[in-house]
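Data block below; observations after.
The values are calculated or read from the model by the stated rules, or taken from the named source; none is laboratory data. Model, not experiment: these values are computed from the prediction. Neighbour counts run over all protein chains shown; Cβ positions are idealised from the backbone, glycine included. Side chains are part of the model used for accessible areas, which takes the heavy atoms of the whole protein and leaves out ligands, DNA and RNA. Shrake-Rupley method; radii C 1.70, N 1.55, O 1.52, S 1.80 Å.
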Amino acid sequence: MPELSSPDDAAVNALRSAVMRLSRRLRHQRVDESLSPTEMSVLGTLARCGSATPSELARREHVQPPSMTRIVAMLESKELVRMEPHPEDRRQKVVTQTERAESMLAASRRKRNAWLAELAGRLDDEEWAKLREAAPVLEKLAHL
């Protein structure tokens, strides 16, 4: 990583702080309070990436495989995922989200989007335009 100058250090610090604070506030806008942020993240990963083995999910979520096994078991007990035989390797299982999970995620997205839209409504036109322009850059950073 290139060495940052003082103004860049300040911008990076401000960005980190703002993203973390906004993320924390967004996490509180949940539809189902019984799910942990990690469980919600796993469901989001399944929604974005499709079915996956528990070890693939563990890698994507940056958790240890035994932790993912527990998370998947909890989601399965809540009927949010189901385990299916792997199409090529019958020794493995594939985790697939259920329609219930899809509905819950859609409701969660609607609630979070409404909350964020309400906040964005407090911005002036110039600020909103800058935020719209920054969204693809933030999306890229989130997936690097």
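What angle, in degrees between 0 and 90 and rounded to the nearest 10, separates the Cα long axis of helix 37-49 from the longest principal axis of the Cα atoms of the chain?
80
Check ALA52: other-chain or 5+ apart residues with amide H under 5 Å from its amide H, H built from backbone geometry?
When sequence neighbours closer than 5 places are left aside, the close amide H contacts are VAL95.
Apply the a/c threshold of 1.5 to the C-alpha gyration tensor of the chain and tell me whether it is rounded, prolate or oblate.
prolate
Which loop trypsin sites (Lys or Arg not before Pro) in segment 68-144, with loop taken from DSSP, have no more than 10 other Cβ atoms within 10 angstrom of their Cβ?
Counting only loop positions with at most 10 other Cβ atoms within 10 Å, the trypsin sites (Lys or Arg not before Pro) in segment 68-144 are ARG90, ARG91, ARG122.
For the chain, find the longest principal axis of its Cα atoms and tell me its angle to the long axis of helix 6-27, 0 to 90°, nearest 10.
50
Quick check on the chain: helices-only [θ] at 222 nm, where DSSP H runs of length 4 and up contribute -39,500 (n - 2.57) each and the sum goes over total residues. Nearest 500, please.
Here the helix-only value at 222 nm equals -22000 deg cm²/dmol.
Tell me, what is the FRET efficiency for LEU15 and ALA106 to the nearest 0.05, using R0 = 25 angstrom and their Cβ-Cβ distance as r? Before the final figure, lay out the partial values.
Details: r = 29 Å, r/R0 = 1.18.
Once rounded, the FRET efficiency stands at 0.25.
Once the other residues with Cβ under 13 Å from the Cβ of ALA106 are scored (Lys, Arg +1; Asp, Glu -1), what is the net sum?
Charge balance near ALA106 sits at +2.
So what is the relative contact order of the chain, in percent, for Cα pairs below 8 Å that sit 6 or more residues apart?
Contact order relative to length: 22 percent.
In straight Cα distance, which aspartates and glutamates are under 19 Å from LYS130, not counting same-chain residues fewer than 8 positions off?
In chain and number order, the partners are ASP8, GLU118, GLU139.
If you line up the long axis of helix 125-142 against the longest principal axis of the chain, both from Cα atoms, how many degrees apart are they, to the nearest 10?
40
Which lysines, on any chain, are close to LYS78 with Cα under 25 Å apart, when same-chain ones fewer than 8 places away are left out?
Once the sequence-local lysines are set aside, what remains near LYS78 is LYS93, LYS111.
Efficiency by 1/(1 + (r/R0)^6): what FRET value for TRP115 and LYS93, r their Cβ-Cβ distance, R0 = 41 Å, to the nearest 0.05? Numbers along the way, then the final one.
On the way: r = 36 Å, r/R0 = 0.87.
The value I calculate is 0.70.
Enumerate by residue number the GluC sites (Glu not before Pro) in segment 56-136 meeting two conditions: DSSP loop (anything except H, G, I, E, B), and at most 12 other Cβ atoms within 10 Å of the site's Cβ.
Details: sites: GLU56, GLU61, GLU76, GLU79, GLU88, GLU99, GLU102, GLU118, GLU126, GLU127, GLU133; in loops: GLU79, GLU88.
Hits after loop and neighbour filter: GLU79, GLU88.
Residue by residue, what Karplus-based ³J(HN,Hα) values in Hz, rounded to whole numbers, does segment 51-66 have, using 6.51, -1.76 and 1.60 with θ = phi - 60° and x for Gly and Pro?
4, 7, 6, x, 5, 5, 4, 4, 5, 5, 8, 6, 10, 6, x, x
Using 0.36 nm per residue of separation minus the Cα-Cα distance, give me the extension gain between LYS140 and GLU126 in nm, one decimal.
2.8 nm
Which whole-number value in Å² is the accessible area per residue of the chain, probe 1.4 Å?
71
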